[in-house]
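The values are calculated or read from the model by the stated rules, or taken from the named source; none is laboratory data. Everything numeric here is computed off the predicted structure, so don't read it as measured data. Cβ atoms come from the backbone with ideal geometry, glycine included; neighbour counts cover every protein chain shown.
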Amino acid sequence: MLIYLKSVYHTCIVFLCTLSKEPRKLPPHPVEVDAIQQNSTQIFHKVHFPNETSDILEVKSTTTSKDLCYSIASQLKLSSAEGYGLYLKTPNKLVSLEEQKYFFDSLRLTSETFKKGKKVKEGHPTNVPYRVIFKRKLWFNVSPGKDLIADLTFHFPQELPRYLRGYHKCTKEEMADLGGLLFRVQVDSDRSQFVMIPRMLRELVPADQLKSISSEEWKKQIIAAYNRQSGITVHEAKIAFLKGISSWPTFGCTFFEVKVSHQDGNTAKLAGNNLRKLFCLIIILFAFNFAANL
């Protein structure tokens, strides 16, 4: 009897943990209904990653968003699941899923909220297109080069758009060095592509600096940086890019586009006088279940 009890100890603990959870708040999600109709005991859901890859994972009816985060981190062999989160992307918004809520409850709640904002003809139910995205949410203690899988799958593809939109303050020398690294990411060691640099500048240089010097001068500086960085691989170039921007105070930050308008034409003055206060309000009142341009 003692041997038997020891053998089922782990199973009993799992059952007790399951029973101790709060019940589901909402009816089954259509994905669950579909699995039941097909007499399937397993439910699988696709999860997308920032580097444009995806994976299929098993999700149970009692799986919370936090459970799924840890499952994904384990499957990807990330060094830690801390700092990552799940997002639900619909045609008009991107919403962070709360960790403690059941995954399918979160999906259904967000989908229903989206439906309420649309006019749906009676008798014609709307299937809201969506995708589940797993990505870096909090950037504390992120050290490029420490977790290569995280760097290549999450950190690089999430930080690159912010850099190219011109959100960071940097020098011409830094932009040239980073441009050389990004050019290597695009073409690897194919030096015949030098001639294409002027056409590729939007993928190599921050948008607000494209016209700060001529395209030929950018080409000259990027080629010089590329030659100095010879001998590294595409993956090493991505890591070097992250290391190059990780010391900036805005690394890992979320940015919001702020537009100010005023009928009396004092737009610039109004923005100048109130910008610092506005930033303080955003920091204090920012809701972490909302995503801007992440």
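Values as computed for the structure displayed
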quantity: Residue in the range 73-129 that is surrounded by the most Cβ atoms within 10 Å (Cβ to Cβ), counting only those that are modelled with pLDDT of 70 or more and basic (K, R); calculated: R108
quantity: Subset tally (residues that are touching a helix residue (DSSP H, G or I) at 6+ places or on another chain (Cβ under 7 Å) and among the basic types (K, R)) for the range 55-87; calculated: 1
quantity: Test: residue in the range 43-66 that is within 18 Å of V132 (Cβ to Cβ), part of a helix (DSSP H, G or I), at pLDDT 90 or above and hydroxyl-bearing (S, T, Y); calculated: yes
quantity: Residues satisfying the stated conditions in the range 58-79, i.e. in contact with a strand residue (DSSP E or B) (Cβ under 6 Å, 6 or more places away or on another chain) and either among the charged types (D, E, K, R) or farther than 14 Å from E99 by Cα (or both); calculated: E58, V59
quantity: Every pair of residues 6+ apart whose Cβ atoms lie under 9 Å, when the first sits in the range 11-40 and is outside any helix (DSSP H, G or I) and among the acidic types (D, E) while the second is at pLDDT 90 or above and surrounded by 10 or more Cβ atoms within 10 Å (Cβ to Cβ); calculated: E22/Y102
quantity: Pairs where the first residue, in the range 66-81, is within 20 Å of F44 (Cα to Cα) and the second is charged (D, E, K, R), C-beta under 7 Å, 6+ apart; calculated: K66/E99; Q75/D55
